[in-house]
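The next block holds one structure in the form of C-alpha cells; read it before the comments.
Read-outs throughout are calculated quantities, based only on the coordinates presented, and are distinct from any laboratory measurement. Source: prediction; values computed, not measured. Positions of Cβ are generated from backbone atoms using ideal geometry, with glycine treated the same way; all protein chains shown enter the neighbour counts.
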Amino acid sequence: MSDITSERLLAFVNSEISTSPERVELESDLLLSGAVDSLGVIRITQWIEDELSIEVSPLDVTLENFQTVALMLAYIDSVSA
Amino acid sequence: MTVHEQPVALRPAQALSRTQELIWLGERLVPDAPIANMATVSRFDGAIDPARFVAAVDQAVRAHEALRTVFLDVAGSAHVKVVPSPPTTTEVVEIAAAEVDGWIESRISKPLDVANCSYDSVLIDSGGAWIWLMNVHHLVIDATSSAIVFQAVAAAYRGQTTIEPSSFAGHLGLLQQRQSNPRWRKASEHWAAVERRSRAPQLYSSAEAPDADASRVQIRLSDDEQDRLDELLEGELRSLSAGLGLAAILAAATAVYRSRLTGELTTVFGVPIHNRDRQSLTVVGPLIELFPMELRLAPDDTFRAVHKRALRALFDVMGNAQPETSPAQSFDVVLNVSTAQFGMFGDIKTRTEWIPSGAVDPNHGLRVQSYDWDGQGELQIALDINHSVASSDQIALAGMHFGSVLRALMDDLDSGIGEFSILADGEAEQLDRYNETIDVDARETTVVEQVRTRLNLRRDEIVVDDGSVALTGGEFLKRVDGVAATLVEARIGREDIVGICLPGSLDAVIAIHAVLRAGAAFTPIDPSYPRERQRHIREDAGLALVIDRLPDVGASETELVFPDLGDVAYVIYTSGSTGLAKGVPITHRGLADYLHFAGDSYLTADASPTVALFSSLSFDLTITSLFLPMLVGGMLRVHESGGVPALGEIVAERQVDFLKATPSHLELLLRLDRDDDGLDIRTLIVGGEAFTTDLGRRLAKRYPIAQIFNEYGPTEAVVGCMVYRFADEFDRGPAVPIGRPAPGVRLFVLDEFQQLAPVGVAGELYIARSSMASGYLNRPELTAERFVQLPGIAEGLLYRTGDKVILNHGEERLTMVYLGRVDEQIKAQGVRLEPGEVEAAINSHPAIAQSAVRLWSAEQASTPTARCPSCGLPNNVPGAQFDGDGVCQTCRHYESVKEQASSYFRTVDDLRRELDDARTRSTGEYDVLHLLSGGKDSTYALYRLVDLGARVRTMTLDNGFISDGALDNVRRAVADLGIDHEFVTTDAMNEIFRDSLERFSNVCNGCYKTIYTLSVNIAHELGIPLITTGLSRGQLFETRLTPGQFSAERFDPDAIDRAVLEARKVYHRTEDAVSKLLDVSLFETDEVFDQIRFLDFYRYFDVELSEMLRFLDDYAPWIRPADTGRSTNCLINAAGISVHRMEQGFHNYAVPYSWDVKLGHKTRAEALEELDDPVDDEAVEAILDEIGYVPRPAAELTAWFVQAPGTAPVDIDDLRQHVATLVPAHALPGAFVAVDEIALSPNGKVATGRLPAPTKLNRLSGQTIPASTPVEETIAAIWAEVLGLEAIGIDNDFFELGGNSLRALEMIVWVSNSYELAIPEVVAFQKRTIRALAIVVERLVLESIVALDDGGTAAELSRVDD
C-alpha cells in the first residue's frame, strides 16, 4: 500500500467524513468512538471504489475491515493483491 | 384563454430545501391532515420544575433558528420568515393519568399552523408524573434534530447558559458552495438518472380512497424471536451497525411481503438518509432526504440471496446520497431505520416515544419503521399503513402477515421466498370454513336415466315446444329412442363422440338426448363457426359421426343401454392459448353433479318452470337450460332463431319464467322488454361474463319477483361451480360477487407462489371438484399446465382457472369476487379469447410471417418516434403523413400556398370599417366585446382596439384554474385603459370540463364554448354587435384554415367565412354540457348569428412577436411571465394534456404548435421542449379528482403482422376475410397493422409498448365497398387526400374516419371545384358518406346542365339541403 493512498484516504476521512473534532489518525477507532457512522463508512467504500477502482463487496464492509483507517488500508491491500 | 401564453411562476421568497418542498406540496394535497406533525412524548422518571423547564425550552428555541421559522402560504408557494423570539411558549397543564394518552392524541391530530408557529410544546403534570409533549412541524425538524432539541432543553434546564446555536438557512447556504464538489456533482447526476416509479397496486382490497389516514401496527416478536433476531444481527447477518443490519433484513422482508400480496417482484423504497457531516452534526432542521432504492426479487430466490441484494442496494443508496441531490419523486414504500437517540434528560431517566399523528403522506402506502430512541438497545419494528392500501380492519392482519415473512426469514435463511404460508393465525381455518359445503349425495344414476324416469311420469304433459311443434313427455322419449336406435344401428355407442352441427332447434335437443341415450358423448359444433374451426373440432375429437340433420326413423327393436357415470357425456371446445380450440370432456358424473346443484339452488322441488333455450349449444352455459326442465316438472321452450330475435320472441310471448343468459343478452332483454309490466321471470341465472351491480339492480327493478343468481364456472369445472344470489339491498360493490362453492367444490385463492392468499388479497382461483374434467383432449402439455397437483393445498387435481379473484367478507360470510384474467387472455366484446388463437389464424395466411394480437390502447402510443424536421409535428398524430425526407405533408402544402394564404388576411383599414360598422349597429354604450385572457395576444389586441377608437368592453372567463399572474394582467390592463370589464364565471364549469374531457379528451373545447356562449349572451344583453378574439395567426390556421383549401384553384375567403358561420350554428346547437347548463336559447334562431358577429383581430392586424412584446413592455402594465416557454396561463391545462395523451395517444397541442413554428411564432426547439414537458401526475390526479373525471384509455383488439419475404403485398381485406373464416366474430381484430418486425422484450415476450398505433384506416370494417362510379371515385380520391387515408369505402362516415368540420369544409371546396359547382358547405354535414355525397353531386351536375339548357347560368343551391 502506497503512502499516497494512505494520505489521500486520511485526508478524505478527515475533511468529509469524520464528525469528531479531533483529527483522525491511522489507528483512531472510527466506529466505536462515533466519529464515523455507517453512512460515513459507506461513503468511504464509495470513495475506495471510485478513486482506487476496487470493488468492495457489501459483505466485506464489517467492523473488522473498517474500524480504523489502518484496517481499511489492509483490506484494500488484500483485495487488490 | 389562449394556449399560447406563458404561465406566471410564483417564486418563494426564499428557496426551500428538497425535503421541505416535498413536505410543503404533500401538505397542500391534504391540507386538513396532520401529515407533517412530528410529535415526541418524553416521560421523565423524576420531578420537573415547570418554570425552569418552560424557560429551558424557550432558550433552546432561541438557539435553533429552525424552530423560530414560519412559512407563509402566498398563492400556494411558501414564503419563509424567521421571527426573533420564540413565537409561543410551553403550556403547563394538569391531566389525570388515565386521560393523558387520549389528550395527547387529540392535541396532535390537527395540523400545526406553520404560518404562526412551527411547534407546540406542552408540559403535562399527571399526578406528579411529568410528561413533555413536543410536536414539531416536519418543515423544520427531523428525527436527529428532535434529539438535538431534546438535549438542548436538557442542557438549558441544567443551567447551561449558552446553547450552541444553529441555522438551517445557514446550512442550506453552505450546501450551495458544495455544488462544485465533484462527488456532489456525481451524486446529482446519479439521482437525476434514476427513473421515476409509478404507484404500486394496493396490498389489500380496500374501500377507502387515498388520503392521509393511516394506522400503525407494531410487529411483536416473542422473546425467542427477539433472541434469534439479535443472534442473526450479531452473527450471520452482521453488518457495520445493528441499524444497518436490521435495515437490510426489513428491506428483504418488505419486498417479499409485497410480492406475496401483489405479485410485484420489484419494490422501490424511499430510504431516508440523515445527510449529516461534521458541519451539520448539530443543526436543527429537516436535513433528512428520501432516496430511492430498488430491490428486485426472482421467484426462486432464497431469503439469503434477497438479503444480500438488499444490503448491496442499501450501500448503493448510502454511497450516492449527498445533501440536496434526492430526485423529486414520491414513494409508496418507505423504509426508515432511525438511528436517532434521545437518551437521558440530564440526570433524569427518560423514556421518549414518537407518537404517530394518525396521518402519513398519502403517497406513502406503507412505511416500515424501526427505532431505538431511548437507547435501551431494543429495536422496535412497526408498520405505518395508509388506509388506501389496507382498510382499517385489515391493518392488524397486515402486521401478522409481515410477521409471518419475518419469521420465515429468521427460521431458515436458505428457504425459498415462496415456500412458506403468509397466513395469520386462524386464517387457514377461516378459508377451510369457506369450503365447507353440504355433502353431495353420491349420484347413482346418469342424467339419461333421471330424464327417462321423470318424463315417464309426464307422458301426457307438454315438455318441449318450439313454437310450432309441442311434444309431450311420451312423444319426446319416443323420438329420442327412435334416433338413438338409429345411431346404435350405425354402430354408435359408448366411447364414441358425435358432433351436433345444428342450430339450437328442437331437432338439436332430440339429437343431443338421443346421442346420450345411445351411450355416446356429444360435441356441439355451432354451424355458424368458420369452416376451418369446424374441421378442427371434427378431427381433434375424432368424431364418429356428425349430425347436421335428424335422421329418418323407422320402427326399431334395437335394445338401448344406458351409459355409465364414468363415461364422457359431452366434449365442449373452448378457446385455447396454443392457437387452437381445445376439447374439454365432461363425464356423466360431472353433468349429474352440476344439474343436481343447479336444481337445488335455482328451483324448488315442485317447480314447473318454462325455460328458454336460445343461447348457442356450443357454450356450456346452455347445458343448464338443455337438461334442467326435463329433470323437474318444467317445459323447454326452444327458440331456434337464437340471439336477439329469440329475445324478441321471449318478450312477445311472455311465456318464459326461467332464463339463463349472459349480461350482454340481459342488457338487450331490458331494452326489448318495454311493456308496462315486465316478463314474469321467476329465476334469472347470469353467467359467462362479469356481472355488474348496476345491471343487477336494473334487473331486480324490472323483474321484482325474480331470484337473480350469478353463476361462475369454467367449462373445465362443469358449467357452474360457485353461485351467488344477488341481493339488491346488500350489494354495493361495482361487481356482483361470484359467491360460494357448490357442494363438493373447493375453491382456493393462490398467490404467484401457489400459496394461499389471505382474505382480502387478490390471487388466482384454483378449483377442486371430483367430477370436473381431468384434462383436455389430445393436449398433454396444456393439461399438465392447467390441471395441477398441489399437495400442500389439497389432495387430488386442481384446475388452474387463470381468473383473478378475491375473497372478501360479505354480509355474514366470505364471498368471492371476480376481478379479471391473470394471464394475457383477453376479453373482447365480453367473450374470452386467447391472442395466440387469433395469431395462429393470421399466420396461416401464406403471405404472413409473424403476427401479434393485443388489445391496443391509446396510452401505449403516447411517445412519438419521429417529428417533422421543419415544424416539429410528431408522427403519433393520427393521419400525419411524412415524405421521404421526413417532412410532413402540411409543411409541403403550406410552402406551396403561402402566397395564396395571405389573401385570407385583411388590413387595418378593413378593421376600421368593421369597427365603424359595429358603431352604427351598436344599440348600447359599446361597439366591441373583447375576449381578454390576460395573455400577450389578447392584451395587445385590446390596446390596439382602444387606439383605433373603438368603445370596448372586455370579458374574461374565470374558469377557476386561471393563474393569478394572468388575472393580475387582466386587472392591470383594464385599470390602465379605464374600460369596463367583467370576470364571468359559472358554477357549471366542472361539469363542462368533465363533458369536454368525455367528448374531446381535452378541457379547452368546453372552456371555449363556455366563453363563446357567455359572451354572446352578454353582447346581446348590452347591444354589442361585435365580439373580438385574440386568436393568434397560428390558431387561425389551425381553426379556420386548412392548406387544402388553398390547393383548390379558386380559393375563396368568403366561402370560408360562410362555412365558419354554418359551423358556428351547428356548434351552438349541439347538445352537450354547455347547452344543458347554460342559457343557449339565443341560438335557437339564426337571427343572433347575424346580429352578433365574431372578428379575429389578428386576421386584420399583423405584428411580429418581438414588436408585440416591446409594445407591451413600453405601453402596458403587462408583466411577462417569469417561466418563459411554457404554454398556458390556465392550471387545468395539464390535466387536459394528460387525458388527451392517455385517451388519444398524442399531445393535443402538437398540431397548433406545428403551426406556430411554420408561422415563425415559436422555434421548433421551443415547441418540442414544451410538448415534451413532463406532466405532474399528482397535480393532474388532484385536478381530475376535483372535477370528477376518470380517464378511459380506449382499447381495441388489434393485429400487427410481418409479411413473409418474397410475397406480394398483403391486401388487408383479403387477410381480414381469411382470419374471419378461422376465428369467431368476437375475436376478429378491429385493425390490422403492417410492421417490419415485431419487437420483443428481453424476456422474449412481445414488447407491446413498441407496437405502432393503428390508424383510422387500419380500423375500416371488412365490408369496404370501393367506389365504382366516376363521381364516387373522384370524391374518394379527395377524401383520401383530405383525411390522409387510402382505400376508403363508399359507406364510411367522413367524421368517423377522423374528419372534422374544417376538413369537411376543405373537402367540399375541392369537390365543388372539381365539378365547377358551388356546393353548400352544410351538405358535408348532412351527406356523410361518399355514396350519399355522390348522389347529391350527380343531381347538381344534372341540374346545372338542365339550367344551362334552359339558358340559366348556374345551379340553384338552396334546393339541395334536404
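A compact table of results
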| quantity | calculated |
| --- | --- |
| For residues of A:32-38, the mean tally of beta carbons on other chains within 10 Å | 3 |
| Under 10 Å, Cβ to Cβ, from B:Thr587 - net charge with Lys/Arg +1 and Asp/Glu -1 | -2 |
| Bins of 5 Å from zero: percent of alpha-carbon pairs in segment B:450-585 | 2, 10, 19, 21, 20, 14, 8, 4, 1, 0 |
| Inter-part distance where segment B:896-945 and segment B:47-109 are each reduced to a Cα centre, Å | 61 |
| Sites B:Asp680 and B:Thr558, calculated FRET efficiency, Cβ-Cβ separation with R0 51 Å, nearest 0.05 | 0.75 |
| For segment B:719-794: rounded, prolate or oblate by the Cα gyration tensor [a/c cutoff 1.5] | prolate |
| Burial order of peptide ranges B:491-500, B:1155-1164 (average beta-carbon count within 10 Å, highest first) | B:1155-1164, B:491-500 |
| Net charge over other residues, Cβ less than 12 angstrom from the Cβ of B:Met989 (K, R count +1; D, E count -1) | -3 |
| Structure-based [θ]222 nm, chain B - -39500 (n - 2.57) summed over DSSP H runs of at least 4, per residue, nearest 500 | -11500 deg cm²/dmol |
| Tensor-based shape of segment B:622-711 (alpha-carbon gyration tensor, a/c under 1.5 rounded, otherwise prolate or oblate) | rounded |
| Rough spin-label spacing in nm, given labels placed 7 Å along Cα→Cβ, for B:Gln1217 and B:Arg999 | 4.1 |
| Other-chain or far-sequence residues with amide H under 5 Å of B:Gln1203's (modelled H) | B:Ala849, B:Val1235 |
| Residue-wise HN-Hα coupling along segment B:258-271, computed from phi with Karplus coefficients 6.51, -1.76, 1.60 (Hz; x: Gly, Pro) | 5, 5, 6, 8, 10, x, 6, 8, 10, 10, 10, 9, x, 10 |
| Integer Hz, Karplus 6.51/-1.76/1.60 couplings in order for segment B:871-877, x for Gly and Pro | 10, x, 4, x, 7, 8, 6 |
| When each of B:Lys936/B:Lys1162; B:Lys898/B:Lys1158; B:Lys660/B:Lys804; B:Lys1009/B:Lys1065 is checked by Cα-Cα distance, pairs over 18 Å | B:Lys660/B:Lys804 |
| Two-decimal ratio, the protein assembly as shown, of alpha-carbon radius of gyration to 2.2 N^0.38 Å | 1.10 |
| Charged-residue dipole, Cβ positions (Lys, Arg, Asp, Glu), chain B about Cα centre, Debye nearest 20 | 1660 |
| Placed amide H near B:Asp496: partners under 5 Å, 5+ positions off or other chain | B:Ala521 |
| Residue-averaged beta-carbon neighbours from other chains (10 angstrom radius) around B:315-323 | 5 |
| Amide proton proximity set for B:Arg1093, modelled H, under 5 Å, gap of 5+ | B:Leu1026, B:Ile1027 |
| Theoretical gain in end-to-end length, B:Asp227 to B:Ala428 [0.36 nm per residue, Cα-Cα removed] | 69.6 nm |
| Karplus (6.51, -1.76, 1.60) ³J(HN,Hα), θ = phi - 60°, over segment B:276-286, in Hz, Gly and Pro reported as x | 9, 10, 4, 5, 10, 4, 10, 7, 8, x, x |
| For chain B: rounded, prolate or oblate by the Cα gyration tensor [a/c cutoff 1.5] | oblate |
| Centre separation in Å (Cα based) which lies between segment A:8-81 and segment B:1060-1120 | 70 |
| Proximal aspartates and glutamates to B:Lys81, defined as alpha-carbon separation beneath 17 angstrom and excluding residues fewer than eight positions away on the same chain | B:Glu21, B:Glu65, B:Asp73, B:Asp113 |
| Charge sum, other residues only, whose C-beta stays under 13 Å from B:Val805's C-beta, Lys/Arg counted +1 and Asp/Glu -1 | +1 |
| For q = 0.24, 0.26 Å⁻¹, Debye-computed log10 I/I(0) when each Cα of chain A counts as one equal scatterer | -1.25, -1.51 |
| Near-label residues of segment A:43-68 by backbone N, under 14 Å of a point 7 Å along Cα→Cβ of A:Ile4 | A:51-53 |
| Two-site label geometry, B:Asp49 and B:Lys898: point separation in nm, points 7 Å out along Cα→Cβ | 8.8 |
| Simple Cβ-charge dipole of segment B:376-485, Lys/Arg +1 and Asp/Glu -1, about Cα centre, in debye nearest 20 | 820 |
| Positive-end residue, the protein assembly as shown charge dipole about Cα centroid, Cβ charges, pick of B:Ala652, B:Val194, B:Val153 | B:Ala652 |
| Per-residue mean of C-beta atoms belonging to partner chains within 10 Å, peptide A:49-56 | 1 |
| Computed label-point distance, nm, for sites B:Arg1339 and B:Ala96 using a 7 Å Cα→Cβ extension | 9.2 |
